[in-house]
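Read through the structure below, which is laid out as structure tokens, and then see the notes.
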Amino acid sequence: MPLIGDKEYFKGIGHIPFEGKDSDNPLAYKYYDPARRVAGKPMKEHFKFAVAYWHSFCGTGADPFGPGTLQHPWDAAGDPLEAARNKADAAFEFITKLGFEYFCFHDFDLVQEAPTLKASEKRIQDTLPYLKAKMEASGVKLLWGTANCFSHPRYMNGASTNPDFRVLARAGAQIKGALDATIALGGENYVFWGGREGYMSLLNTKIDKELDHMGRFLGMARDYARSKEFTGTFFIEPKPMEPMKHQYDYDAATVIGFLRHYGLQDDFKLNLEVNHATLAGHSMQHEMEIAAAHGMLGSIDANRGDYQNGWDTDQFPNNLNEVTLMMLTLLEAGGLQGGGINFDAKLRRNSTDPEDLFLAHIGGADTFARALLIAERILTESNYSELRQKRYESFESGNGKAFEMGKLSLTDLYDIAVAQGELPLYSGKQEMLENLINRYI
Ligand code: XLS
Ligand code: NI
Ligand code: NI
């Protein structure tokens, strides 16, 4: 199957080369050099960069104040299956030219939802062989699939947490189809983002019931996928709010507690998103540290928020300082578990040139690549790790070690405290560490 047929959508743009940091070619990578080895493996393996089907090929720039500004030529066909094939042509042309190896989708990003469940299921099934052929021809793989159980009005009160069992069942049917599609395309992971799993008002909500339903539902989805030989990881994507006032998957710590409570911790990990972390009042590094501490750092939705806006602006990442801190945590955690870096980011509404989509992804990939290189140097050339380690050295031997091993009681702590007398102060050296990071950037 030709990857770029007579219907070339991004005309005049070829394969994006790596040209190095001195290049002034906007359509070239300055830092993202896929084969370059960093911390023991090629850059591309640290990242597994993925293009998000929804933002890049479905979003049109519509906002609450006006319609879309983009008219995608691949949407022009009247027949939904033909439009789906055209969209796949555009997507695989783009991903291939970019040199990325992965993509991610929601079920109804691939093809427009039909009026009934059965007809929708058939549409997806009918689209899969074409996608599969595109994937085989290009070598592009599926990082994860998911189901859109939040856009259709039927889900206005949630999907698995809906107060109406009939809607919950409908969501189950849809997710079964999305799992089938993900498995058919060899998806490496499956994501649950609880778009409307939460509430608008506590006056009409029973949290205890809704959480139990969500826990049971996720277990059913896991059991079904495992029975179909799916060996990948399930990810929960935390987000504190938007569209709901409050979402149950608030942040990493909340989700980890939820997963353990419902016995899902062995099959599920986290897909963390930068703008969701900041909406929750955390930094992305905080979210990654929490996930890593529990062995659940699965995947990343890469984007950024805006300091002046309180919502999920989903801009392409370009904050070198923020991403450097993320890469420090990533390297120290030993990488992502099964997932990759999915650019869950969208162009601004007034970025209307076809090349803008390339420029955005190039900038994002270069930001991650540059940050990874900086983080590697910080870890190997500076005393950053040593300083952090040293702060805890009192636990490496003697009573500190005995405490960690569970060998002391509270009265032992009392006796130790009496014996050691009053203590000197030790600086946390925060400013010194902040200066150190900036020196390497
Ligand atoms: C929305 C989420 C969404 C998920 C996939 O805020 O980031 O895009 O990643 O459903
Ligand atoms: Ni996301
Ligand atoms: Ni998001």
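The numbers here are math on the coordinates, done by the rules we state, and not lab data. Predicted model only: the values in this text are computed from it and were never measured. Positions of Cβ are generated from backbone atoms using ideal geometry, with glycine treated the same way; all protein chains shown enter the neighbour counts.
For this structure, a couple of remarks:
- If the chain linking Met200 and Arg166 were pulled fully straight, counting 0.36 nm for each residue of separation and taking away their Cα-Cα distance, it would gain 10.2 nm.
- MRE, 222 nm, helices only [DSSP H, n ≥ 4, -39500 (n - 2.57), over the chain, to nearest 500]: -14000 deg cm²/dmol
- Nearest 10 degrees, 0 to 90: helix 320-332 Cα axis against the chain principal axis: 70 degrees
- With contacts taken as Cα pairs under 8 Å at a separation of at least 6 residues, segment 2-91 carries a relative contact order of 19 percent.
- Proximal lysines to Lys209, defined as alpha-carbon separation beneath 28 angstrom and excluding residues fewer than eight positions away on the same chain: Lys176, Lys239, Lys245, Lys269
- Proximal aspartates and glutamates relative to Lys228, as straight alpha-carbon distance under 16 Å, when same-chain residues fewer than 8 apart are discounted: Asp180, Glu188, Asp267
- FRET efficiency for Leu408 and Ser382, using Cβ-Cβ distance with R0 set to 35 Å, rounded to 0.05: 0.50
- Computed lengthening from Arg154 to Ser283, 0.36 nm per intervening residue step minus Cα-Cα distance: 43.1 nm
- Ranking of Leu264, Leu272 by count of other Cβ atoms within 10 Å, fewest first: Leu264, Leu272
- Cross-link partners of Lys134 among aspartates and glutamates (Cα-Cα below 13 Å; sequence separation of 8 or more within a chain): Asp89, Glu93, Glu101
- Taking the fewest neighbouring Cβ atoms within 10 Å as the starting point, the ordered list for His261, His286 is His261, His286.
- Gyration tensor (alpha-carbon) shape descriptor, the chain, a/c threshold 1.5: oblate
- Taking a point 7 Å out from the Cα of Asn321 in the direction of its Cβ, the residues of segment 258-284 whose backbone N falls within less than 14 Å of it are 283-284.
- Size of charge dipole - the chain - debye, nearest 20, with Cβ of Lys, Arg +1 and Asp, Glu -1, no other charges: 680 debye
- Relative to the current alpha-carbon distance between Glu422 and Phe395, full extension at 0.36 nm per residue lengthens the span by 7.9 nm.
- Close amide H partners of Met241, meaning residues 5 or more places away or on another chain with modelled amide H under 5 Å apart, are Gln247.
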